[in-house]
Amino acid sequence: MRTPPLVAALTAGGLLLAGCDRDAPELESPVTTCLATTSVTLLESGFVPACVIVAPGATVLFRNYDTSVHMVASNAAGDAFSSELLAPGQEHGHTFRSTAGKVYVYCPLHPWAVATVIIE
């Protein structure tokens, strides 16, 4: 089957997105300060803090303190995951890889909500 030219061009450029899932590892949260914590709050404005530093193998708890539903997800190699819908008051924990690096997480429902997890 022949791939349409536009799809081929977008795929080659890494721009083809499926639904709300996007290539989160390419996202960068616009922050300059990172906090050493394993607790992240989900709000309408995004993840708070938007950058955390954790030890290899640490579990980060994402808590929804907003009045609407959220999700937390990552497409990062070695750390790909997606939570279920998190109603207000619910939480999701994810244990990150045991090697150093950066993992970008996002809310598939709210495209402005991105965060960085630095593993060191």
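The values are calculated or read from the model by the stated rules, or taken from the named source; none is laboratory data. Since we're looking at a predicted model, the values are computed, not measured. Because the Cβ atoms are built from the backbone with ideal geometry, glycine has one as well, and the counts that use them run over all protein chains shown. Only protein heavy atoms, including side chains, enter the accessible area calculation; ligands, DNA and RNA are left aside. Shrake-Rupley method; radii C 1.70, N 1.55, O 1.52, S 1.80 Å.
Go through segment 46-93 and give me each residue that's within 13 Å of Val114 (Cβ to Cβ), touching a residue at least 60 places away in the same chain (Cβ under 8 Å) and part of a loop (DSSP other than H, G, I, E, B). Within segment 46-93, Pro49, Ala50 meet the criteria. Considering only residues in segment 70-120 that are in contact with a Lys or Arg (Cβ under 6 Å, 6 or more places away or on another chain) and over 19 Å from Glu44 (Cα atoms), the one that is least open to solvent (accessible area, probe 1.4 Å) turns out to be Asp79.
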